[in-house]
Structures are given as structure tokens and as C-alpha cells.
1. Pairs needed: first member in the stretch 38-60, assigned by TED's automatic domain parsing to the domain that holds L91 and at pLDDT 95 or above; second member anywhere, in a helix (DSSP H, G or I) and acidic (D, E); C-beta distance under 9 Å; at least 6 residues apart or different chains.
2. Out of A262, A243, A319, A303, report the one residue that is touching a residue at least 40 places away in the same chain (Cβ under 8 Å) and more than 24 Å from T146 (Cα to Cα).
3. Across the stretch 2-37, what is the number of residues that are part of a loop (DSSP other than H, G, I, E, B) and within 15 Å of ligand 1 (Cβ to nearest atom)?
4. Please work out which residue is farthest from ligand 1 (Cβ to nearest atom), limiting yourself to the stretch 157-170 and to residues that are in contact with a Leu (Cβ under 8 Å, 6 or more places away or on another chain) and in a loop (DSSP other than H, G, I, E, B).
5. Taking the condition of being surrounded by fewer than 20 Cβ atoms within 10 Å (Cβ to Cβ) and either of a type in the set (S, T, N, Q) or more than 10 Å from ligand 2 (Cβ to nearest atom) (or both), how many residues in the stretch 139-152 meet it?
6. Quick one: is A126 within 11 Å of A22 (Cβ to Cβ) and away from ligand 1 (no atom under 14 Å from the Cβ)?
7. Does L154 satisfy the criteria of being more than 9 Å from ligand 1 (Cβ to nearest atom), more than 16 Å from T27 (Cα to Cα) and either outside any loop (DSSP other than H, G, I, E, B) or in contact (Cβ under 8 Å) with a residue 40 or more places away in the chain (or both)?
8. Do we have A42 as more than 27 Å from A310 (Cα to Cα) and more than 12 Å from ligand 1 (Cβ to nearest atom) here?
Amino acid sequence: MTETSSDIDRAAGWLRAGGLVALPTETVYGLGANAEDPAAIARIFQVKGRPPSHPLIVHIADADQLDDWVEEVPVTARLLAEHFWPGPLTLVLRRGRRVPLEATGGLETVAVRVPDHHLALALLSAFGGGVTAPSANRFGSVSPTTADHVRTELGDAVDFVLDGGPCQVGVESTIVDVTGEFPSILRPGGVTREDLEAVLGIPIGVPSTSHVRVPGQHPSHYAPRARVVLVEPEKVVAEAKTAQELGHRVGVLLPASLTGTAMTAHAVVTLPGSMDSYAHGLYGFLRELDQQGCDLIVASLPAEEGLGLAIANRLHRAAGPRSSA
Ligand code: TXA
Ligand code: MG
């Protein structure tokens, strides 16, 4: 307990001093900086290798603080915040004056969320301000879901790592744009479309999973080192065998329905049956297959409902074209 509270104090101190703090959230680990400090924000982009036009999410401690960061809060946004915060939902709203353009990649809108993790909330309260935090990985690669993932990938580039154990949800927040007449999902994530629709009582548009809607995003994202190939579930076994025989070191994400099937492959991860557990483990599975030296990962898409929509989106993006090595 005492150790944790002194960790919170140290982390808040680093934020005040313009440092970078990796913080646990319920979705993935974030690479946090004071949202009002352009120099610290510049360091985030530098450490991640992320283009500065790619906007960040401002994390706040409480839905009551939302008005401090945005120009206005439409009724829809208020309703969603009340229902889902703290939680894996990010709202895109008109930027308030407090938010520097460095945080929004020059946009007049800002993405805001209240994370559902006791250490993140303790840090936000102790710090008192907003914390801009992208996922704590290098641009384009797999998001970290443990403190060790962050340490391995970013090492000394981070001033302080707040270790909150494995992230519960495992995929990033759902991003909902509430600046227009109708809300729309810019990125599916931890809050399902079905849950959003139940609260709002209207259908909500979702981009096709292979289509890039969020500004500044790169076609390949959330990607392990190994190339990712998506096939129909019934073709996973045959595809893996062919690729392995062609000399690839094949990793397989084997659908739960095929548990126990004989495989020709270098490494196999049998997926859990529930979508909650699949999302929770997804990025760890991809990292594990990289670590085992796979150069090709064969996977199939889950049904695009509930959390399956976010998982399918990340697999599509991981399988997207790579611009260079
Ligand atoms: O779960 C999460 O959202 C995690 C944790 C750390 O909170 N954060 C996260 O941040 O995934 P990041 O930077 O990896 O992804 C944020 C996404 C980006 O795709 C960015 O383009 C989008 O949010 N975004 C940020 N501000 C935006 C804005 N004003 N309009 C549209 N999209 C925005
Ligand atoms: Mg990210």
C-alpha cells in the first residue's frame, strides 16, 4: 500500500517535471505526459516514432472534468460519459483552449477518456491535470498489456513505469466521434457497439474493419514483426501447412473451435473461447509468436459482434500492407 502511494507520488512528480510515465489502464498501457506541456508531448512523439499529426487521447480523473477540456459537451456525449466512464470509451469533442494543438495533431477536436484502472485514477487525481497518453509502444507495433512489455519495448526512454499488472480488457478503447449530428465509431474497442446503441437507442455507424477512418493512421498498425495472414477458419490448418512447407516459420492463432486439431506449424496458440479472454490475450499472443521466431502468423477473424468487432479490426490492421521494413 505505502509502496503504491509513493509510486503514485513519484509518477505525478515526473509528470509535473515534464517527464514521461507509463501508466496502466484497463485497455492497454499508456505513455503519459502532462497534457498541457507541449515539450513533454513532443517527447511522446519522439519516443514512439509517431508522426506529430497523429492525435493523442487526454486522460482525466472524472467525468466532471470533461467541461474543462472541451468547448462544449453535447447531450449525447454527457450520456455516454455518464454510462461508460470510467471505462474503455474515448469521446471526440471540440477542443477546449486548455488543450494544446500539439496534443491534437493540429485538429480542432480532442479525444478524452476516463480510464478504469485504480492506479491510473490515483495518478490522475494526484497529478490534478490531464494526461495525454497514446499506447506505450513504438508507432505501428503491438500495444503493451503488461509493464514488462513497456520496459522491453521502450526501456530508458520512459522516466517511470507504474506497474498495475496485466490490463484487463486487452484492446484499446472504443473511439466515438460526438461532434457531428450522429455519433459514429472511429475505432471499435472495449465498449461494444451493442452497448453504445442500447444506451443511445439509435444505430451507430461503424467503419468497415479494413477501412482507415481515424486521421493520421497508417494502414498497418497493431502489428507484430511477423507478417499476418487472415483466412477463413476452415482454411487455417491447410494454410499453415502450406506456408510451413514453403519454409516459413509459421505461428497459428487457432480458433477455439479447432482445439486439439493436428497442425504443421512452428508454434500454435489455441485461442480461448470467450471474446473477453480473446481480447485480453490478443496482443500477448502476437508478442509470444514473435518471440518464438515466427515470420508468418496465420489467423482467422472472429464474428464481428460484441468484442469480436474490435478483435477483427486489430487483426485486419495487423495484416495491413507494410510501407517498409
Ligand atoms: O485504450 C486506449 O485508447 C489507449 C489507452 C492508453 O488509453 N490509448 C490509445 O491511444 O490507444 P493511441 O494514441 O494509441 O490511439 C488513439 C487514437 C489514435 O488512432 C488517434 O488517431 C485517435 O485516437 N484520436 C485522437 N484524437 C483524435 C481526434 N481528435 N479525432 C479523431 N481521432 C483521434
Ligand atoms: Mg496505439
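The values are calculated or read from the model by the stated rules, or taken from the named source; none is laboratory data. Just so it is clear, the structure is predicted and the values come from calculations on it, not from any experiment. Cβ atoms come from the backbone with ideal geometry, glycine included; neighbour counts cover every protein chain shown.
1. So the pair list comes out as P38/E102; A39/E102; I41/E102; A42/E102; F45/E102; L56/E102; I60/D68.
2. So the residue among A262, A243, A319, A303 that is touching a residue at least 40 places away in the same chain (Cβ under 8 Å) and more than 24 Å from T146 (Cα to Cα) is A243.
3. Summing the residues that are part of a loop (DSSP other than H, G, I, E, B) and within 15 Å of ligand 1 (Cβ to nearest atom) in the stretch 2-37 gives 8.
4. D159
5. 4
6. Here the answer is no, as A126 does not meet what is asked.
7. Yes: the conditions hold for L154.
8. So A42 fits the description; yes.
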